[in-house]
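In what follows, a structure is listed as structure tokens, so that the remarks can point back to it.
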Amino acid sequence: MNALYDMVKEAKDNSLYEVNVVRTFEPKIRKSLHLTQQENREDLEQELRIKVIGYVRNYSLEDVPGLFDLTK
């Protein structure tokens, strides 16, 4: 899971790394697309990729809760 954190951190500094994050989620995206109708898959795939990029751009690395924050 550290690899995903590192990729998001790199993507914050360089937008070219956003592609690496999307590629990490490609197998899950493709597997999930089989649950939808054939005619909707291409559009949904694009929307999911846009959502992943949006989450990477908006994710705050400084506001990640620590272990002791979760036990309160």
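The values are calculated or read from the model by the stated rules, or taken from the named source; none is laboratory data. Just so it is clear, the model here is predicted, and its values are computed rather than measured. Reconstructed Cβ throughout: ideal geometry from the backbone, glycine too, with neighbour counts over all protein chains shown.
Structural remarks
- Once region 42-70 is narrowed to residues that are exposed (fewer than 10 other Cβ atoms within 10 Å of the Cβ), within 27 Å of S32 (Cβ to Cβ) and aliphatic (A, V, I, L, M), the residue that is farthest from the chain's Cα centre (by Cα) is V64.
- In the set (1) more than 12 Å from the chain's Cα centre (by Cα); (2) charged (D, E, K, R); (3) modelled with pLDDT of 85 or more, the condition left unmet by K12 is number (3).
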